[in-house]
Amino acid sequence: MAKIVVMPHAEYCPEGTTIDAEAGISICDALLSNGIEIEHACEKACACTTCHVVVRKGFDSLNEAEEKEEDLLDKAWGLEPNSRLSCQAIVADEDLTIQIPKYTINHAKEGH
Ligand code: FES
């Protein structure tokens with residue numbers, strides 16, 4: 001079990017929060033199951049970038065990104081060296097601090 005500190009995001013968690021996440025689930029699922037409705041336009045199939053998060057702490061404890069994820073991340077808004085697609089980033093036992101970027105390329109939220 002790891003803790004994920006979610007830094008404040010105006011829309012998803014204005015005050016910031018800390019959630020528990022079981023090892024082996026994705027950051028995206030951990031957020032969603034704790035009521036933080038991060039976008040996941042491709043339904044976690046590693047085919048969009050809307051679930052992008054920046055991992056401020058614990059980045060090295062995550063599984064390594066595959067090439068497809070890296071390629072997609074190149075198109076993400078606000079890319080940083082510690083960016084991940086949260087649906088592809090699997091939590092281990094180490095605590096994490098993540099930041100949800102202010103925008104996604106989908107921020108108009110068509111169809112949502
Ligand atoms: S939800 Fe589309 S890549 Fe994660």
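Values computed for the structure shown
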| item | result |
| --- | --- |
| Exclusive hit being buried (at least 18 other Cβ atoms within 10 Å of the Cβ) and in contact (Cβ under 8 Å) with a residue 60 or more places away in the chain, set Ala92, Ala76, Ala41 | Ala41 |
| Flag for Tyr12 being touching a helix residue (DSSP H, G or I) at 6+ places or on another chain (Cβ under 9 Å) and aromatic (Phe, Trp, Tyr) | yes |
| Which listed residue, of Arg56, Arg84, is touching a strand residue (DSSP E or B) at 6+ places or on another chain (Cβ under 9 Å) and crowded, with 19+ Cβ neighbours inside 10 Å | Arg84 |
| Index of the failed condition, Glu66 passing every other in (1) within 13 Å of the chain's Cα centre (by Cα); (2) free of Cβ contacts under 8 Å to residues at least 40 places away in the same chain | (1) |
| Residue satisfying all of: in the range 78-98; hydrophobic (A, V, I, L, M, F, W, C) and away from the ligand (no atom under 15 Å from the Cβ); farthest from Glu11 (Cα to Cα) among these | Ala92 |
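Residues are listed down the side, and each one gets a yes or a no for (1) under 14 Å from Ile98 (Cα atoms); (2) part of a loop (DSSP other than H, G, I, E, B); (3) touching a Cys at 6+ places or on another chain (Cβ under 6 Å); (4) within 14 Å of the ligand (Cβ to nearest atom):
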{"position": "Glu15", "(1), (2), (3), (4)": "yes, yes, no, no"}
{"position": "Glu43", "(1), (2), (3), (4)": "no, yes, no, yes"}
{"position": "Glu64", "(1), (2), (3), (4)": "no, yes, no, no"}
{"position": "Ala76", "(1), (2), (3), (4)": "no, yes, no, yes"}
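Here, each number is a calculation from the coordinates, and none is a lab measurement. If you're wondering where the values come from, they're calculated on a predicted model, not measured in any experiment. Cβ atoms come from the backbone with ideal geometry, glycine included; neighbour counts cover every protein chain shown.
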